[in-house]
Amino acid sequence: MSFLAVGERAAVSAKARVYRGRLLSPDDYLRLLEFETVGEIGAYLAKSEAYSPYISVPSPESLHRGDLEAIITSVPLLEEIPFCRYLGPERCSLLRSWGERFDVDVIKRVLRMITTGMGNREALRRRVATVPITVANGEKLLAARTLRDVLDSLRGYPLYNILSEPLKRLEKEGGTLFRAKMAMDTFFLTRILSRGSRLPGSEGHGVRQIFGTRADLINIYWIYRSRRFFSLTPEEALGMTLPVRYRISFETLSSFAFAPDVPSMVKLIRESVYGGAFGTNHSGETTEVNEMTLEHNLYRILWKNASKIFRSGSSGVHVVLAYLTLRELEVKDLFTIIEDVRYHYDKKKAREFLIHPAAASFAGQEKEGVSPWLS
């Protein structure tokens, strides 16, 4: 390894550790939940080290929910860009691939607006104005009114070939956006993992740890939902998985999909390396996990995984990706808090659905069905 590469790794790792130290603390979470209005949340964040550089409006206390969410959504992307100044082309390309996942979300939301008639196109315009997308012609995409318009906005970009068949089939035969969404998720996860595999030692291992885990969790989640909510056949459930494996093999996924019933499937999943997300009740019997609880449990695995990389003491671009993962999950928590405050939900109940690993202690007790793997 060249001295230049060593310098790259040291510089970005040091910066990532500084940024991590600016993330919101457990006390910040508690204070945010005690506010009565979204404007109070905006004013508090505007004074915090974590968000003050990004909330520049004169009166943050006047921010409405949509405006505040639009600002904080862009924060992880805005923070990804400066890291590339310290990196060579190979590692910078990997970071760009991470950022492109958010561009894909814009495409998904445009597709959803076209197929359902629901959504806020103006909110997407604000997002693209803050951080221009790089996987499509942004102007054409935001103006798209048909599936063909979306495809035309992708012409000349890698996603054109990926989405051409599923979007043309959807236009001709109808149905859902599932195939198109999975095609995009598969493309970017495999692209990130492929680029990460070229990196040596702890860097390559760290990238696989972050995104391989994400792929595993997506696969388990889709099999679970396919069997529990949609009554799909085992073959159909397996067909919904990403062609990416990390700690869960195809054989193990098959055992989940071909389980005779949902309780048997949950029992098998609980015996896997990610089984803690499904929990048990106090009698030790297998239970079907509440959908929202399960989703947040899976996010907590990602949080724990990213934090583990920091504790390893290694250096490299994977440390940056670990930080960006934590930042992304913090933003999801802020969305939860904003919604809870906006609609005056029960504070204690709201704390149970925070991704932050201290969420269980916030609630004062562990919720039945949630294992102590969060600690």
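The values are calculated or read from the model by the stated rules, or taken from the named source; none is laboratory data. Just so you know, these numbers come straight off a predicted model, no measurement behind them. Using ideal geometry, Cβ is built from the backbone for each residue, glycine included, and neighbour counts are taken over all protein chains shown.
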Complete set of residues in region 50-68 that are within 23 Å of the chain's Cα centre (by Cα) and among the acidic types (Asp, Glu) = Asp67
Basic (Lys, Arg) and buried (at least 16 other Cβ atoms within 10 Å of the Cβ): does that describe Arg214?
-> yes
Regarding Ser153, is this residue farther than 25 Å from Arg327 by Cβ, in contact with a Lys or Arg (Cβ under 6 Å, 6 or more places away or on another chain) and polar (S, T, N, Q)?
-> yes
Residue, farthest from the chain's Cα centre (by Cα), within region 81-92, restricted to residues that are surrounded by 15 or more Cβ atoms within 10 Å (Cβ to Cβ) and in a helix (DSSP H, G or I) | Tyr86
Tell me which residues, restricted to region 150-169, are hydroxyl-bearing (Ser, Thr, Tyr) and either surrounded by fewer than 16 Cβ atoms within 10 Å (Cβ to Cβ) or free of Cβ contacts under 8 Å to residues at least 12 places away in the same chain (or both).
-> Tyr160, Ser164
Residue check: is Ser56 more than 25 Å from Ala136 (Cβ to Cβ) and among the polar types (S, T, N, Q)?
-> yes
Being hydrophobic (A, V, I, L, M, F, W, C) and surrounded by fewer than 18 Cβ atoms within 10 Å (Cβ to Cβ) narrows it down to one of Leu147, Leu78, so name that one.
-> Leu78
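Listed here are the residues, each with its yes/no results for (1) modelled with pLDDT of 95 or more; (2) hydrophobic (A, V, I, L, M, F, W, C); (3) not in a helix (DSSP H, G or I).
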residue: Lys140; (1), (2), (3): yes, no, no
residue: Arg148; (1), (2), (3): yes, no, no
residue: Asp152; (1), (2), (3): yes, no, no
residue: Arg155; (1), (2), (3): yes, no, yes
residue: Tyr160; (1), (2), (3): yes, no, no
residue: Leu163; (1), (2), (3): yes, yes, no
residue: Leu167; (1), (2), (3): yes, yes, no
residue: Lys172; (1), (2), (3): no, no, no
residue: Thr176; (1), (2), (3): no, no, yes
State which residue is modelled with the highest pLDDT when the search covers only region 229-248 and only residues that are surrounded by fewer than 16 Cβ atoms within 10 Å (Cβ to Cβ) and either more than 22 Å from the chain's Cα centre (by Cα) or closer than 21 Å to Leu177 by Cβ (or both).
-> Glu235
Examine region 343-350 for a residue that is at pLDDT 90 or above and on the phi > 0 side of the Ramachandran plot, and state whether such a residue exists.
-> yes
Give the residue that is surrounded by the fewest Cβ atoms within 10 Å (Cβ to Cβ), with candidates limited to residues of region 1-47 that are of a type in the set (Ser, Thr, Tyr) and farther than 16 Å from Ile338 by Cα.
-> Ser2
Pair list, Cβ < 6 Å and 6+ apart or interchain, from region 228-250 residues that are touching a residue at least 40 places away in the same chain (Cβ under 8 Å) to residues that are surrounded by 19 or more Cβ atoms within 10 Å (Cβ to Cβ) = Met240/Trp222; Met240/Ser226; Leu242/Ala215; Leu242/Ile218; Leu242/Asn219; Val244/Leu189; Val244/Ala215
Under 6 Å by Cβ, and 6 or more places apart or on different chains, what pairs join a residue from region 202-225 that is farther than 13 Å from Val244 by Cα with one that is part of a helix (DSSP H, G or I) and of a type in the set (Lys, Arg)?
-> none
Considering only region 121-144, how many residues are surrounded by fewer than 16 Cβ atoms within 10 Å (Cβ to Cβ), within 14 Å of Val104 (Cα to Cα) and small (Gly, Ala, Ser)?
-> 0
Is it fair to say Arg31 is over 21 Å from Ile355 (Cβ atoms), charged (D, E, K, R) and in a helix (DSSP H, G or I)?
-> no
Answer from Ile71, Ile107, Ile114 - the residue that is of a type in the set (A, V, I, L, M), within 16 Å of the chain's Cα centre (by Cα) and not in a loop (DSSP other than H, G, I, E, B) | Ile107
Out of all the residues in region 117-137, which are under 28 Å from Glu173 (Cα atoms) and either modelled with pLDDT of 95 or more or part of a loop (DSSP other than H, G, I, E, B) (or both)?
-> Gly117, Met118, Gly119, Asn120, Val135, Ala136, Asn137
Taking the condition surrounded by fewer than 19 Cβ atoms within 10 Å (Cβ to Cβ) and aromatic (Phe, Trp, Tyr), does Phe278 pass?
-> no
Residues (basic (Lys, Arg) and either farther than 19 Å from Ser13 by Cβ or crowded, with 18+ Cβ neighbours inside 10 Å (or both)) located in region 292-346 = Arg300, Lys304, Arg327, Lys332, Arg342
Give the residues of region 55-68 that are buried (at least 20 other Cβ atoms within 10 Å of the Cβ) and part of a helix (DSSP H, G or I), sorted by residue number.
-> Pro60, Leu68
